[in-house]
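Here's the structure we're looking at; comments come further down.
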Amino acid sequence: MAVSDSVRVRIAPSPTGFAHLGTASTALYNVLFARQNNGTFVLRVDDTDLERNRPEYEQLIYESLHWLRLEWDEGPDKSGPYEPYRQSERLDTYRELAARLLAEEKAYRCYCTPEELEAERRQAQLEKRPYKYSRRCLTDPPKDRSVFAVRFKVPGGEVKFTDMIRGEMKFDADLIGDFIIIKSDTYPTYQFASPVDDALMKITHVIRGEEHLSNTPYQLMLVDALGYERPAGYAHMPLILAHDGAKLSKRRHPEANLALFKEQGYLPEALINYLALLGWNPGTEQEIFSFDELVREFSFDRVQHAGARFDWEKLDWMNGEYIRMLDDGELAGRLKPFLPQLDEATIRCAIPPLKTRMHKLAQGVDYLDYLWLDPQPPALDGDTKERVRRAVEALQDVAWEPQAIEVALEQAVAASGVSKGKFYTPLRDVLTGKKVSLPIHYTLALLPKEAALSRLRGAIDN
Ligand code: GLU
């Protein structure tokens with residue numbers, strides 16, 4: 001397929017809950033394709049679900065995409081040549097187009113009540129046939145009713161299109177019943193508003209999740225009926241499955257919530273890299289890709305068809321790699337919001353041991369909260385107290401920095417005749433109250449000298 005330089009792609013999230021991982025993944029593939037083709041990436045807000053939309057959810061979508069640096073060229077907050085970009089502000093357009101379809105007899109008014117439709121559905125079930133609207137209101141509309149929805153008169157036949165991932169797709173439209181395009185509350189359905197906006201916003205390639213694959217024939221029939229040009233291409237990205245292999249659910253799977261990744265201290269560039277590889281296979285062993293490399297390398301023909309299972313271990317590994325790639329100053333800056341209790345010098349001092357250990361920034365808190373929390377001094381036996389006393393003695397006159405502390409402690413260990421492990425474990429316990437900590441010389445050096453010594457003395461006197 002020839003791709004011209006006027007490529008226009010879009011994401012169309014619905015602000016009905018927290019920002020979803022799928023939105024980030026779809027946005028990423030759209031952005032990669034747009035950047036590869038010097039195209040335009042549009043953010044449209046599909047907010048026609050009156051009951052479930054909230055402006056604060058729209059904000060969460062913006063925040064998450066900004067955090068991931070997936071910036072859009074046109075959108076509700078940016079304006080552009082095809083504004084407005086919020087469907088709730090485009091209602092007149094949908095109503096006019098529905099009126100046109102009605103006038104051309106490509107759509108009709110349906111006065112059926114929900115109860116009547118339910119009865120039709122149940123009857124079909126009883127007769128074990130797939131349900132399709134009976135067209136009662138097309139052939140024999142009731143005369144005495146005023147509340148109606150608008151139904152599209154499905155022309156039937158075969159709907160064909162090429163998917164950039166899945167190749168030739170064919171759907172039998174004879175199996176598709178006449179569907180509603182304008183609801184009785186006069187709002188458009190997704191099935192109508194989406195292809196209308198794609199056409200009016202001159203979207204050339206529709207790149208979205210696989211869950212929309214079965215919507216495409218509906219939308220193409222509408223595009224044809226309205227006399228619009230079909231998008232040049234469609235790509236239906238594999239579903240992201242949860243870590244347990246189930247469909248990703250907002251309620252059950254924390255990985256569905258984009259905000260969580262930021263809270264836990266995943267780096268946006270690592271998450272982008274991870275998401276790119278979640279559905280796409282570069283065909284080489286390479287796993288770490290800069291954004292520019294992704295733009296260069298990504299192609300739809302290496303996108304898998306099957307669902308892609310979310311793997312925390314792999315993400316953690318990748319995030320660790322990205323953490324280690326940051327220079328110390330940059331890493332300290334990224335850690336700062338996680339450690340408001342600490343000054344910059346302390347964070348800087350902790351970077352070398354943290355950098356080799358962390359796979360997400362929130363772990364900085366686990367390693368360093370002993371600096372502002374006073375751990376309970378443990379009850380030590382006589383021998384152990386003796387070792388702590390020797391440590392205090394060795395540390396008293398030492399310059400308070402990691403290397404000098406390390407040398408002094410090693411001498412004390414040698415003099416004590418016990419192993420390093422045996423000597424350091426009670427020190428760690430007294431200083432941090434934890435089983436795992438940064439190396440002992442850092443654990444000490446990060447505390448002010450007096451505070452460190454006083455914790456140790458406290459345990460001897462205890
Ligand atoms: N509002 C739809 C969604 O969030 C958009 C689907 C589409 O891209 O057409 O899934």
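Evaluated against (1) more than 24 Å from Gln304 (Cβ to Cβ); (2) of a type in the set (Gly, Ala, Ser); (3) within 13 Å of the ligand (Cβ to nearest atom), Gly209 falls short on exactly one condition, (1). As for the stretch 183-206, it holds at least one residue that is touching a strand residue (DSSP E or B) at 6+ places or on another chain (Cβ under 9 Å), in contact (Cβ under 8 Å) with a residue 40 or more places away in the chain, aromatic (Phe, Trp, Tyr) and open to solvent by less than 10 Å² (accessible area, probe 1.4 Å). Only one of the numbered conditions (1) away from the ligand (no atom under 13 Å from the Cβ); (2) under 14 Å from the mean Cα position of the chain (by Cα) is not met by Val31, and that is (2). Only residues that are in contact (Cβ under 8 Å) with a residue 12 or more places away in the chain, open to solvent by less than 90 Å² (accessible area, probe 1.4 Å) and in a helix (DSSP H, G or I) were counted across the stretch 333-356, and they come to 12. If Ser249 passes every condition in (1) in contact (Cβ under 8 Å) with a residue 24 or more places away in the chain; (2) surrounded by fewer than 20 Cβ atoms within 10 Å (Cβ to Cβ); (3) within 16 Å of the ligand (Cβ to nearest atom) but one, which one does it miss? Checking Ser249 against (1) in contact (Cβ under 8 Å) with a residue 24 or more places away in the chain; (2) surrounded by fewer than 20 Cβ atoms within 10 Å (Cβ to Cβ); (3) within 16 Å of the ligand (Cβ to nearest atom), the one that fails is (1). Residue count for the stretch 34-54 satisfying the condition of being away from the ligand (no atom under 13 Å from the Cβ) and either assigned to a loop (DSSP other than H, G, I, E, B) or surrounded by 24 or more Cβ atoms within 10 Å (Cβ to Cβ) (or both): 6. I'd like to know if the stretch 74-82 contains one or more residues that are buried (at least 21 other Cβ atoms within 10 Å of the Cβ), within 16 Å of the chain's Cα centre (by Cα) and of a type in the set (Gly, Ala, Ser). Within the stretch 74-82, not a single residue is buried (at least 21 other Cβ atoms within 10 Å of the Cβ), within 16 Å of the chain's Cα centre (by Cα) and of a type in the set (Gly, Ala, Ser). How many residues does the stretch 298-313 hold that are under 23 Å from Asn257 (Cα atoms), open to solvent by less than 100 Å² (accessible area, probe 1.4 Å) and part of a helix (DSSP H, G or I)? Residues meeting the conditions: 1.
Total residues in the stretch 418-460 satisfying the condition of being open to solvent by 10 Å² or more (accessible area, probe 1.4 Å), within 17 Å of Glu406 (Cα to Cα) and among the small types (Gly, Ala, Ser): the figure is 4.
Taking the conditions (1) modelled with pLDDT of 95 or more; (2) open to solvent by 30 Å² or more (accessible area, probe 1.4 Å) in turn, Asp383 satisfies each one other than (1).
Restricting the first member to the stretch 215-231 and to residues that are under 14 Å from Leu97 (Cα atoms) and open to solvent by 20 Å² or more (accessible area, probe 1.4 Å), and the second to residues that are more than 13 Å from the ligand (Cβ to nearest atom) and charged (D, E, K, R), the beta-carbon pairs closer than 9 Å and six or more apart or on different chains are Asp224/Arg230. For Arg69, the criteria (1) assigned to a loop (DSSP other than H, G, I, E, B); (2) within 13 Å of the ligand (Cβ to nearest atom); (3) at pLDDT 95 or above hold in every case but one, which is (2).
In the set (1) surrounded by 13 or more Cβ atoms within 10 Å (Cβ to Cβ); (2) of a type outside the set (Gly, Ala, Ser); (3) touching a residue at least 60 places away in the same chain (Cβ under 8 Å); (4) over 16 Å from Thr443 (Cα atoms), Val388 fails one condition alone, (4). Filter the stretch 1-18 down to residues that are of a type outside the set (D, E, K, R) and at pLDDT below 95 and give me whichever is nearest to the ligand (Cβ to nearest atom). The selected residue is Thr16.
The values are calculated or read from the model by the stated rules, or taken from the named source; none is laboratory data. Every value quoted in this text rests on a predicted model; they were computed, and no experiment measured them. Using ideal geometry, Cβ is built from the backbone for each residue, glycine included, and neighbour counts are taken over all protein chains shown. The area values use the complete protein model at the heavy-atom level, side chains included, leaving out ligands, DNA and RNA. Shrake-Rupley method; radii C 1.70, N 1.55, O 1.52, S 1.80 Å.
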